[in-house]
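Working notes, beginning with the structure itself.
Readers should treat all values here as calculations from the given coordinates under stated rules, not as data from a laboratory. The structure displayed is predicted, hence computed values, not measured ones. Neighbour counts run over all protein chains shown; Cβ positions are idealised from the backbone, glycine included.
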Amino acid sequence: MKKQMPVNEYPHKKLLILQRLNIRGMHVIGAFLFSLLAAHAGAHSGGLNKQGCHAGSQPYHCHKPQTVFPTTLASPQVLAGKVTHVRDGDTIEVNGIPIRLAALDCPEKGTQKGDYATRLAKQFYGLQATCELTGAKTYDRLVGYCSINGADFGQHMIQNSSCKVWEKFDVWDRY
């Protein structure tokens, strides 16, 4: 008859099993994080000009036109609706959708000039806006050129506040 050893004489076996489980778990978590980060590594933002090139970004490059789904629209995608919120001088919300005004660079809210730009933009709250979207996105905002009641919003902000043209992001050469 074979004599069995009590389990408590081999406590290192329990430790080895826990270490193996911990290492396997770390491999799974590591693989997940790697795949998540790898998906975003090649992504970049920025609007395209009429030729499909990133205007002002480094390195400057162009995208090949789509062959599977050719572009049939002669005009950009348009969002129309009421200005439902003004975040600051260069970001408004149209029907609750945040829009970053293309090519517009306003001082930051919390500064004297930034607060003035925000107050100036707030006069458009509740009015009808039409935004031509560039296809770019920054943070949670779509990027576009907007007009309010037919007047160019960016041009109004440039002429009446400390907002300036951000030529690097004027992808459609509007200003």
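Would you be able to tell me the number of residues in the range 126-170 that are hydroxyl-bearing (Ser, Thr, Tyr) and surrounded by fewer than 19 Cβ atoms within 10 Å (Cβ to Cβ)? Write out each step before concluding.
In the first step, residues of the range 126-170 are kept if they are hydroxyl-bearing (Ser, Thr, Tyr); the result is 130, 134, 138-139, 145, 147, 161-162.
Still in the running and surrounded by fewer than 19 Cβ atoms within 10 Å (Cβ to Cβ): 130, 138-139, 147, 162.
Within the range 126-170, residues that are hydroxyl-bearing (Ser, Thr, Tyr) and surrounded by fewer than 19 Cβ atoms within 10 Å (Cβ to Cβ) number 5.
If you go through the range 139-175 and keep only what is in contact with a helix residue (DSSP H, G or I) (Cβ under 7 Å, 6 or more places away or on another chain), over 19 Å from ALA80 (Cα atoms) and outside any loop (DSSP other than H, G, I, E, B), you end up with MET157, ASN160, LYS164, VAL165.
When residues in the range 81-130 are screened for being free of Cβ contacts under 8 Å to residues at least 40 places away in the same chain, more than 18 Å from ASN160 (Cα to Cα) and not in a strand (DSSP E or B), 3 of them pass.
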